[in-house]
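These notes concern the structure reproduced below.
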Amino acid sequence: MHRRDLIRFLGAACAAPALPPAALAQGAAHTRAIPSTGERLPAVGLGTWITFDVGADAAARAPRSQVLRAFFEAGGRLVDSSPMYGRSEEFIGAELPRAAPVFAATKVWTVGGLAGRRQMEASRELWHLTRFDLLQVHNFLDWEVHLPALKAMKADGRVRYIGVTTSHGRRHDLGEKIMREERIDFIQFTYNLNDREAEKALLPVAAERGIAVIINRPFDGGALFGAKTRAPLPGWAAEIGCRTWAEAFLKFVISHPTVTCAIPATSQPAHLAQNMRALSGALPDAALRKRIAEDYARL
């Protein structure tokens, strides 16, 4: 069995009913069900904002190509991008490993129905795909126009899932309104130890409405690291198998029962390896999540 086939086999084996955090065995991959279908995704994906916006320079492309390959070899699936991200989609299409088990997610980010349709088709051609797994309205831009178009595309089988996004803690009220009034499969927003605003409404409403949640900026754009993380990891890190702060930050996010997938972005293979280790080992329960947040705030 080839390594990629073995990864797929293990991913399918992990599609069993979720166990309580304390019962998760070391080495078991953490997957989450998409509420609208039950399809399972690894709880750590890959974002591409800034990091994959590179041109033809071989020295710049090489480590990013390594990140993309290593992501799939470590069991990852969901890769998220956008036309807003410069040349990221072009890079993905050129460097995506052949037969990679990608869950391809991008966005529409323009005004007007015709412009939106043209942009989504251009993205599909850049990725070299027959169809996307997930199309999202980026930062709610012209969502009243684009969301009906996405619904029609889903009905026609031209996309599997649809959703909306926001970031940096913006417009949570609109996100809540859309979740309550529209039939969407996914919502994407910011959630991390520095920004827990989503706990007030977005996460509870997503749980109530059966909507999958993608978390962007799980490291707060890198702001979680710095003076605080120069301190040693607290004792609880060993309880959940964390060797780095990056793993701890991601496990805090993906242990929330409503979170489907977090999408940290990186251009460094070493950082990708740290991120993907969050897919294995125990996850914090509610009591430990509270302790992690309190300990980080005190640092």
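General remarks:
- Charge dipole (debye, nearest 20) of segment 134-183; +1 at Cβ of Lys and Arg, -1 at Cβ of Asp and Glu: 180 debye
- GNM remark for the chain: springs join alpha carbons under 10 Å apart, and the peak mean-square fluctuation among Leu114, Leu283, Leu41 falls on Leu114.
- Phi angles of segment 256-271 translate, via the Karplus equation with coefficients 6.51, -1.76, 1.60 and θ = phi - 60°, into HN-Hα couplings of 5, x, 9, 6, 8, 7, 9, 10, x, 10, 7, 10, 10, x, 5, 5 Hz per residue; Gly and Pro are given as x.
- Amide H to amide H distances under 5 Å link Leu78 with Leu46, Phe103, where only residues 5 or more positions off or on other chains count and H is placed in the peptide plane.
- Computed lengthening from Phe225 to Gln66, 0.36 nm per intervening residue step minus Cα-Cα distance: 54.9 nm
- Summarising the label geometry, the points placed 7 Å from Cα in the beta-carbon direction at Arg209 and Arg171 lie 1.4 nm from one another.
- With Cα atoms, 0 to 90° folded angle of helix 143-155 axis to the chain main axis: 90 degrees
- Full-extension gain in nm, Arg131 to Arg180, via 0.36 nm per residue minus C-alpha separation: 14.9 nm
- Annotation for Glu121 and Asp285: the two label points, set 7 Å from Cα along the Cα-Cβ direction, are 5.5 nm apart.
- What the phi angles of segment 129-141 give under the Karplus curve with 6.51, -1.76 and 1.60, with θ = phi - 60°, is a coupling list of 10, 6, 7, 8, 6, 9, 10, 10, 7, 6, 6, 6, 5 Hz, glycine and proline written as x.
- Cleavage-rule hits, trypsin sites (Lys or Arg not before Pro), segment 126-214, DSSP coil, Cβ neighbours within 10 Å at most 16: Arg131, Arg158, Arg170, Arg171, Arg183, Arg196, Lys200
- Long-range HN-HN contacts of Gln188 with modeled amide H, under 5 Å: Val164, Thr165, Thr166, Ile214
- Tail beyond 30 Å, pair distance distribution of the chain (Cα, percent): 28 percent
- Efficiency of FRET from Cβ geometry, Arg243 and Arg98, R₀ 25 Å, rounded to 0.05: 0.20
- Normalised by residue count, segment 196-267 yields a Cα convex hull volume of 107 Å³ per residue.
- Distances between placed amide hydrogens fall under 5 Å for Ala265 paired with Gly47, all partners being 5 or more residues away or on another chain.
- Distance (nanometres) between label positions extended 7 Å along Cα→Cβ at Ala293 and Glu39: 3.2 nm
- GNM on the chain, alpha-carbon springs under 10 angstrom: the most fluctuating residue among Ala99, Ala206, Ala248 is Ala99.
- Solvent-accessible area, 1.4 Å probe, carbon plus sulfur percent, for the chain: 54 percent
- Translational D in µm²/s for segment 101-194 (Stokes-Einstein at 4 °C, 1.567 mPa s, Kirkwood Rh from C-alpha pairs): 96 µm²/s
- The chain, accessible area per residue, ligands and nucleic acids excluded (1.4 Å, Å²): 44 Å²
- Sequence ranges 284-291, 86-93, 218-225, 54-61, ranked by mean other-Cβ count within 10 angstrom, highest first: 86-93, 218-225, 284-291, 54-61
- Remark: for residue pairs Lys200/Lys290; Lys177/Lys228; Lys154/Lys177; Lys228/Lys290; Lys228/Lys251; Lys107/Lys290, the C-alpha separation exceeds 26 Å in Lys177/Lys228; Lys107/Lys290.
- Phi-based couplings in Hz for segment 81-91 (Karplus 6.51, -1.76, 1.60; Gly and Pro marked x): 9, 6, x, 5, 8, x, 9, 4, 5, 4, 5
- Our helix-only sum for the chain, with -39,500 (n - 2.57) per DSSP H run of n ≥ 4 divided by its residues, gives a mean residue ellipticity at 222 nm of -11500 deg cm²/dmol.
The values are calculated or read from the model by the stated rules, or taken from the named source; none is laboratory data. Owing to the predicted nature of the structure, the values given are computational and were not obtained by experimental measurement. Here the Cβ is made from the backbone with ideal geometry for all residues, glycine too, and neighbour counts use every protein chain on show. Note: areas computed on protein heavy atoms with side chains; ligands, DNA, RNA excluded. Shrake-Rupley method; radii C 1.70, N 1.55, O 1.52, S 1.80 Å.
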